[in-house]
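Chemist: Handing you this structure, nothing more for now.
The values are calculated or read from the model by the stated rules, or taken from the named source; none is laboratory data. Predicted model only: the values in this text are computed from it and were never measured. No Cβ is skipped: glycine too gets one built from the backbone with ideal geometry, and neighbour counts run over all protein chains shown. Each accessible area value is taken on the protein alone, full model and side chains, heavy atoms only, with ligands, DNA and RNA left out. Shrake-Rupley method; radii C 1.70, N 1.55, O 1.52, S 1.80 Å.
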Amino acid sequence: MSLLTAKAALEAQIKAGTAPAVAQPRTLPLDAIGELPEVFQHRTPCEIDQKMHIIELARVLKGGNSLAEIAIFWDGKRWVCVDGHHRLAAYRAVKWERGVPVKVFVGTVAQAMLRAAGNTRDRLPMRKAEKMNTAWRLVLAGGLTKKEIVDGAAASDGIVGRMRHVAKSLSRREPETDLSGITWEQARRKFDGEDSRTHEDMERWVHEQAKATADKLVKALGRPKHWNREILLEALEICDVKLPAFAAEHWRRRWADFDEDAEQLAEGEEKDDF
């Protein structure tokens, strides 16, 4: 289900639903907290680093300590997780029997989506692509100012302005297309008239192969914290002497902050609301 379809269904359910029995619970039983990942989970599907993060959080819980409060939102029928999906997964992993610390978020669905993008303790940092897709989802959600999106998604004013322009232009050009079903990169390429099918197919294939390889490494070597990184890197260099230079450039491009480029791209474009 796409973001906009799930968001519309949630808003209809809230309108037709009932009020919670307790308006501001401080803790909830684990099984009383649901999830709506289509709306409130801005990350890509759980990868190896996210799994390791959940394992580390679970280790804290096994020591008898609870984690930072999970932000929850009333969906008309039940409480659902807005921010804290990894913490919730960790509680479930250890079969937590005590009350889970929670903090109620009150506001619109779009505002709750913005809250889901915020930073908290015990939160795994987002990658650049995830940050851009989070900003894109918030643009499409509607009802939020540019500043709210800039602050919530940690994106630049220029890139959010460009996203709003692209969203409005594509909606006019292709009204039948559900833009929430594509990533920001796909939307940008579509707006620029590029054929992204081959590009996206290759990205998907590389991602699937990388995940399979990472799973094999973890199975063979154990948890990353137990790895000797110098040995691992030297072993990879023995396999491919050109790998270090390639890796340096690959990670530079992957993690570089391209806000400055985004500002330049946004110059001269109309400041449309969406």
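Chemist: Ranked highest first by the average count of other Cβ atoms within 10 Å around their residues, in what order do 97-104, 214-221, 129-136 fall?
Modeler: The packing order, highest mean first, is 129-136, 97-104, 214-221.
Chemist: Leaving ligands and nucleic acids out of the surface, order Lys62, Lys190 by accessible area at 1.4 Å, largest first. Write out the running numbers ahead of the final one.
Modeler: On the way: Lys62 160, Lys190 70 Å².
Correct descending sequence by accessible area is Lys62, Lys190.
Chemist: Given axes a ≥ b ≥ c from the Cα gyration tensor, I'd like to know whether region 1-160 is rounded (a/c under 1.5), prolate (a/b larger than b/c) or oblate. Can you show the working numbers first?
Modeler: Details: a/c = 1.97, a/b = 1.19, b/c = 1.66.
The shape class here is oblate.
Chemist: Do any of Lys168/Lys242; Lys62/Lys219; Lys15/Lys51; Lys62/Lys242 go past 32 Å between their Cα atoms, and which? Write down the numbers at each step before the final one.
Modeler: Numbers: Lys168/Lys242 44 Å; Lys62/Lys219 23 Å; Lys15/Lys51 36 Å; Lys62/Lys242 43 Å.
Among Lys168/Lys242; Lys62/Lys219; Lys15/Lys51; Lys62/Lys242, the Cα-Cα distance tops 32 Å for Lys168/Lys242; Lys15/Lys51; Lys62/Lys242.
Chemist: Peptides 76-87, 164-175, 105-116, 15-26: what's the order by average Cβ count within 10 Å, highest mean first? Mind showing how you got there, number by number?
Modeler: Details: 76-87: 21.7, 164-175: 15.2, 105-116: 19.0, 15-26: 10.5.
Output ranking for 76-87, 164-175, 105-116, 15-26: 76-87, 105-116, 164-175, 15-26.
Chemist: I'd like the FRET efficiency for Lys62 and Lys211, computed as 1/(1 + (r/R0)^6) with the beta carbon distance as r and R0 of 30 Å, rounded to 0.05. Kindly include the intermediate steps, with their values, before the conclusion.
Modeler: Working: r = 27 Å, r/R0 = 0.90.
Calculated value: 0.65.
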